[in-house]
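Trainee: One structure follows; several queries about it will come next.
The values are calculated or read from the model by the stated rules, or taken from the named source; none is laboratory data. Note that the coordinates shown come from a computational prediction; the quantities given were computed from them, not determined experimentally. Every residue, glycine as well, gets a Cβ built from its backbone with ideal geometry; the counts of neighbours run over all protein chains shown.
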Amino acid sequence: MTVTGTGASATHSTSVALTVSAPSSGPRFVQMAAAGESVSSTTLTATFTTPTGAGHLLVLAASVYTGATNQITRVTDSASNTWTKIGAYCSAGHYSDGEMWYAANANSVTSVTVSVATATVVAIEVNEFSGVAATNPLDVSGGASSTGTTADSGASTPATSTELVVGFLAGHGSVQTMTVTAAGYTAQAQQTSTNGTSTPVSVVSAYRVLSSAGAQDLTGSFAAPMYWAAGIALFKSA
């Protein structure tokens, strides 16, 4: 911007640089990458169709055919971002592990890889979001695991009314459709790893952006009883 003033004998102009920042539009879904496998392995990689945006939030949901002894040991990506474990939920003595991890303010990536110590079957989904706080974005989280025809992560209450909610359902030992029944959520396509039909696992991730405060939980259903895990995480908007 240029400001011009005219005096008695001269005209003076001063240029001032202004930076105008648009207000945040709130959290937004960008894209999802998923991966499954047909045989047991120690690593599984999901590849994005296009590179993720710099500074975005990446949230990984995984279904692992294990209990508490062979859970995901680390998550890595093509840009060496730091991944933080939100939670791992399983039923004691059963192959029912479901996990959530995230990378905040991430450098642009093309792929994300999970690793386990001993070869097993894993299915993963990685969601990319913009408009999320760059520092300490995780507000609250929770999860549960049991058996039956319905799943419920349990309730988590956000600190503010504009947060991003990301959750998942994980099924184990049965190849069947899992349906997200919680109102207001956008569910992603289910990802299933079969390993023949001996040790199948499936995962469905879902998300919503809040417009008012209130307890959140992710629920789901399936036709036949199976061991399941469900989790939910709430992230602060930018």
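Trainee: Within the stretch 47-92, which residues are under 19 Å from Thr135 (Cβ atoms), in contact (Cβ under 8 Å) with a residue 60 or more places away in the chain and surrounded by fewer than 17 Cβ atoms within 10 Å (Cβ to Cβ)?
Mentor: Hits for the stretch 47-92 are Gly53, Gly55.
Trainee: Which residues, counting only those in the stretch 106-119, are touching an Asp or Glu at 6+ places or on another chain (Cβ under 9 Å) and either of a type in the set (Phe, Trp, Tyr) or in a strand (DSSP E or B) (or both)?
Mentor: Ala106, Ser111, Val112, Thr113, Val114, listed by residue number.
Trainee: Restricting the stretch 172-205 to residues that are small (Gly, Ala, Ser) and touching a residue at least 60 places away in the same chain (Cβ under 8 Å), which is surrounded by the most Cβ atoms within 10 Å (Cβ to Cβ)?
Mentor: Ser205
Trainee: Within the stretch 149-165, how many residues turn out to be assigned to a strand (DSSP E or B), of a type outside the set (A, V, I, L, M, F, W, C) and within 16 Å of Asp217 (Cβ to Cβ)?
Mentor: Of the residues in the stretch 149-165, 3 are assigned to a strand (DSSP E or B), of a type outside the set (A, V, I, L, M, F, W, C) and within 16 Å of Asp217 (Cβ to Cβ).
Trainee: Can you tell me which residue among Val20, Val16 is modelled with pLDDT under 95 and closer than 30 Å to Val209 by Cα?
Mentor: It is Val20.
Trainee: So if I check each of Ala134, Ala104, Ala151, which one is surrounded by fewer than 18 Cβ atoms within 10 Å (Cβ to Cβ), among the hydrophobic types (A, V, I, L, M, F, W, C) and touching a strand residue (DSSP E or B) at 6+ places or on another chain (Cβ under 7 Å)?
Mentor: Unique residue meeting the criteria: Ala134.
Trainee: Between Ser80, Ser41, Ser115, which is touching a Lys or Arg at 6+ places or on another chain (Cβ under 6 Å) and either of a type in the set (S, T, N, Q) or at pLDDT 95 or above (or both)?
Mentor: Going through Ser80, Ser41, Ser115 in turn, the sole match is Ser115.
Trainee: Just wondering, is there one or more residues in the stretch 206-220 that are β-branched (Val, Ile, Thr), farther than 28 Å from Glu37 by Cβ and surrounded by fewer than 21 Cβ atoms within 10 Å (Cβ to Cβ)?
Mentor: Yes, the stretch 206-220 has at least one match.
Trainee: Could you list, in sequence order, the residues of the stretch 171-183 that are under 17 Å from the mean Cα position of the chain (by Cα) and assigned to a loop (DSSP other than H, G, I, E, B)?
Mentor: Ala182
Trainee: Taking the stretch 88-101 only, how many residues are assigned to a strand (DSSP E or B) and touching a Ser or Thr at 6+ places or on another chain (Cβ under 6 Å)?
Mentor: Qualifying residue count for the region: 3.
Trainee: All but one of (1) hydrophobic (A, V, I, L, M, F, W, C); (2) in contact (Cβ under 8 Å) with a residue 24 or more places away in the chain; (3) not in a strand (DSSP E or B) hold for Phe168; which doesn't?
Mentor: (3)
Trainee: Restrict the check to the stretch 47-67 and report whether at least one residue is part of a loop (DSSP other than H, G, I, E, B), within 15 Å of Ala34 (Cβ to Cβ) and among the aromatic types (Phe, Trp, Tyr).
Mentor: There is at least one residue in the stretch 47-67 that is part of a loop (DSSP other than H, G, I, E, B), within 15 Å of Ala34 (Cβ to Cβ) and among the aromatic types (Phe, Trp, Tyr).
Trainee: Still on this model: Among what's in the stretch 23-38 and is assigned to a loop (DSSP other than H, G, I, E, B), among the small types (Gly, Ala, Ser) and surrounded by 15 or more Cβ atoms within 10 Å (Cβ to Cβ), pick the residue that is modelled with the lowest pLDDT.
Mentor: Of everything passing the filter in the stretch 23-38, Gly26 is modelled with the lowest pLDDT.
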